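Scroll down for the structure; my scribbles are underneath it.
The values are calculated or read from the model by the stated rules, or taken from the named source; none is laboratory data. Quantities reported herein were computed from a predicted structural model and do not represent experimental measurements. In this analysis, Cβ positions are derived from the backbone assuming ideal geometry, glycine residues included, and neighbour counts consider all displayed protein chains.
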Amino acid sequence: MTITNLQLAEAFRAFLAERRGYVYTAQGELWTPELAEKWKKAGRSVPDGRSKATYFTYDCSKWFGRKVDDCSGGIVDAIRQYDPGFGDRTANTFKSQFVEGGPIATILEIPGLAVWKSGHIGVYIGGGEVIEFRGTADGCVKTKLKDRPWTRWGKIKGVEYVSEAAKEPELPFEDDIVVVTGARVNVRKGPGTSYADIGTVLKDQSYVVYERKDGWSRINGGWVSDKYLRR
């Protein structure tokens, strides 16, 4: 199942609403003291200027109890909600694989484009706004495109960029975030088991709700039974 640019933008809106944190090399993990200690002992990479002795256990302790990503990890995390086998990428690798792009001054008004500067990447959500995992101190934030030092925009390899005609309506429940509780839950074409399966969602992933009907929620381009969701 392929993610669209609109679904990528939706996923980043959900990350923002969840107030996700930033931990270097993270890709959607629930951040706990135990995981911080494990990553410290494993000697995982840390940002320039940070100490491996304190980064995970001290610098990132403000994010305990929240899900965390880094800038490129957020995009990987979002895409894996649709394509679980999607491989790891750095910000610069994403940029090297752009299927179309240009200088930031020429950015198209298309939600779900990537915006990039060397070593950092974010997702354009339209209207001159970007959602990015800005850094350890800030976590996931919404910023103005014009206020940040982006140099390039691009279409991400592995994301389907759909026409404006295929755009979903505005989200009536934009602040309603649900978390999947089942291990691998079917997404259906309509609100009921009589509708065909069009994909799956994975446990602990978060989504914004578009619509609700008869005990079902429309997320992820399809419908999921509320019995597998937690608000």
> Between residues in the range 116-132 that are in contact (Cβ under 8 Å) with a residue 40 or more places away in the chain and residues that are among the polar types (S, T, N, Q), which pairs lie under 7 Å by C-beta distance while being six or more apart or on different chains?
Replying inline: I121/S72; E132/T143
>> For the range 20-50, which positions are outside any loop (DSSP other than H, G, I, E, B) and closer than 19 Å to S72 by Cα?
In response: G21, Y22, Q27, G28, E29, L30, W39
> Somewhere in the range 36-46, is a residue touching a Gly at 6+ places or on another chain (Cβ under 7 Å) and in the same structural domain as G73 (by TED's automatic domain parsing)?
Replying inline: no
> Any idea which residue in the range 58-99 is nearest to the chain's Cα centre (by Cα), counting only those that are of a type in the set (V, I, T), outside any strand (DSSP E or B) and surrounded by 14 or more Cβ atoms within 10 Å (Cβ to Cβ)?
Replying inline: I75
> So R184 fits all but one of (1) surrounded by 14 or more Cβ atoms within 10 Å (Cβ to Cβ); (2) within 20 Å of the chain's Cα centre (by Cα); (3) modelled with pLDDT under 90; (4) charged (D, E, K, R); what number is the exception?
Replying inline: (1)
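Considering only residues that are in a strand (DSSP E or B), touching a strand residue (DSSP E or B) at 6+ places or on another chain (Cβ under 8 Å) and surrounded by fewer than 18 Cβ atoms within 10 Å (Cβ to Cβ), which ones fall in the range 100-136?
Of everything in the range 100-136, those that are in a strand (DSSP E or B), touching a strand residue (DSSP E or B) at 6+ places or on another chain (Cβ under 8 Å) and surrounded by fewer than 18 Cβ atoms within 10 Å (Cβ to Cβ) turn out to be E100, G102, P103, K117, E129, G135.
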> Within the range 212-231, can you find the residues that are surrounded by 15 or more Cβ atoms within 10 Å (Cβ to Cβ) and not aliphatic (A, V, I, L, M)?
Replying inline: R212, W216, S217, R218, N220, G221, G222, W223, S225, D226, Y228
>> Quick check on V115: is it assigned by TED's automatic domain parsing to the domain that holds A11, among the β-branched types (V, I, T) and over 21 Å from G87 (Cβ atoms)?
In response: yes
